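Colleague: The structure's right below; bear with me while I get my questions together.
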Amino acid sequence: MSHDRSDIAAKIQPEVPHAARIWNYWMGGKDNFAADRAAGDAVAKVYPEIVQMAVQSRRFLIRAVRYLAAEAGISQFLDIGTGLPTMQNTHEVAQALDPTARIVYVDNDPLVLVHARALLKSTSPEGVTAYIDGDYHAPELIISEARKVLDFTRPIAVMFMGVLGYVEDLQVMRSIIDQVVQAVPSGSAMVLWDGTATGEAVAEGSDKLAESGAVPYYLRSLEELAECFDGLNLVEPGLAPITHWRPEGEEKAPFIDAHGGVALKP
């Protein structure tokens, strides 16, 4: 999908803090503006763990994709709400294990689109990496576009990595998940994590994010997050803090107010 770069640039509003750029700042990236850094600092002042959450969320992604590619035998990934490229993106992790892996990224952030060309480079000649300019509020469009790249008769891993907290209504969130998961075949997987209402400091951080002018992030209870996996079979250790989901080696990361899991579709 081609994009007019001047049109994309016109949509970028440096003076308005934006979720993808704030997250990029917390992860130590350079694709952010002063407004994003100010919002990020306001959150980090009351909830310093947010920086660790950003880094640990990517480590969770890496471990989940490795599990799916190496152990579950899944070679197709639909990463919805991918954000700005950072360390070890989905296609890099998957194609390192399976050179034929096919990855479709979905995002509608204009700055992410500016980086799409870099993101589109597969790490193996046999693999495919594609990008859809789409909003998860339009799952039918995402599925329609993804069918052009992915084989929907074979298992697909659907990924929602910390992005559905921007959906206020839990039922809308579940509807988005259900529509995408229903479209993929048996043997497919869903990976999901979100920030959770498991502490006072993280709740204060969420309030500061909204006060900064950024899009509000709605923390979920563990019960609400568990509902999102209804009808799927969670793999061990089930719904867990992202730092505790299959840590590798001697990694002993602290508890983070973010929970997630990997589940397979019967």
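Throughout, read-outs are computed from the coordinates displayed, never taken from laboratory work. All figures in this text were calculated on a predicted structure; none of them were measured in a lab. Reconstructed Cβ throughout: ideal geometry from the backbone, glycine too, with neighbour counts over all protein chains shown.
Colleague: Subtracting the Cα-Cα distance from 0.36 nm times the residue separation, let me have the gained length for residue 244 to residue 115 in nm, one decimal.
Modeller: 43.3 nm
Colleague: Just to confirm the filter: which GluC sites (Glu not before Pro) across segment 89-179 are DSSP coil and have at most 15 other Cβ within 10 angstrom of their Cβ?
Modeller: 126, 168
Colleague: Would you mind counting up the charge near residue 195? Only other residues with Cβ under 9 Å from its Cβ, with Lys and Arg at +1 and Asp and Glu at -1.
Modeller: Taking every other residue near residue 195 into account, the sum is -1.
Colleague: Can you tell which of 125, 216, 17 shows the greatest fluctuation in a Gaussian network model of the chain with Cα springs below 10 Å?
Modeller: It is 125.
Colleague: Please work out how many pairs of lysine residues in the chain are eight or more positions apart (or on different chains) and have Cα atoms closer than 26 angstrom.
Modeller: The number of close lysine pairs in the chain is 10.
Colleague: Once you place label points 7 Å from the Cα toward the Cβ at residue 15 and residue 226, how far apart are they in nm?
Modeller: Going from the residue 15 label point to the residue 226 one covers 4.7 nm.
Colleague: Going by a ≥ b ≥ c, the root eigenvalues of the Cα gyration tensor, does segment 163-261 fall in the rounded group (a/c under 1.5), the prolate group (a/b larger than b/c) or the oblate group?
Modeller: oblate
Colleague: If you average over every viewing direction, what projected area does the convex hull of the Cα atoms of the chain give, in nm²?
Modeller: Over every viewing direction, the Cα hull of the chain projects on average to 13.0 nm².
Colleague: In addition: With all distinct Cα pairs included, what does the Kirkwood hydrodynamic radius of segment 88-184 come out to in Å, to one decimal, could you say?
Modeller: For segment 88-184, inverting the mean 1/r across all distinct Cα pairs yields 14.3 Å.
Colleague: Using the Cβ atoms and a cut-off under 11 Å, what net charge is assigned to the surroundings of residue 126, where Lys and Arg are +1 and Asp and Glu are -1?
Modeller: Taking every other residue near residue 126 into account, the sum is 0.
Colleague: Contact order normalised by length for the chain, with contacts defined as Cα pairs under 8 Å and 6 or more residues apart; what percent is it?
Modeller: 19
Colleague: I want the local charge near residue 141. Using Cβ-Cβ distances under 10 Å, sum +1 for each Lys or Arg and -1 for each Asp or Glu among the other residues.
Modeller: That works out to -4.
Colleague: Could you state the per residue volume, in Å³, of the convex hull enclosing the Cα atoms of segment 99-153?
Modeller: Hull volume over Cα atoms, normalised by residue count, gives 71 Å³.
Colleague: Still on this structure: In nm, to one decimal, how far is the modelled label at residue 178 from the one at residue 253, with both set 7 Å along Cα→Cβ?
Modeller: 3.1
Colleague: Next question. Between residue 45 and residue 197, what length comes free when the chain is fully extended (0.36 nm per residue of separation minus the Cα-Cα distance, one decimal in nm)?
Modeller: My answer for the length gained is 52.9 nm.
Colleague: Also, quick follow-up: With the Cα gyration tensor of segment 223-266 giving a ≥ b ≥ c as the square roots of its eigenvalues, does the rule (a/c under 1.5 for rounded; else a/b larger than b/c for prolate; else oblate) give rounded, prolate or oblate?
Modeller: In terms of gyration-tensor shape, oblate.
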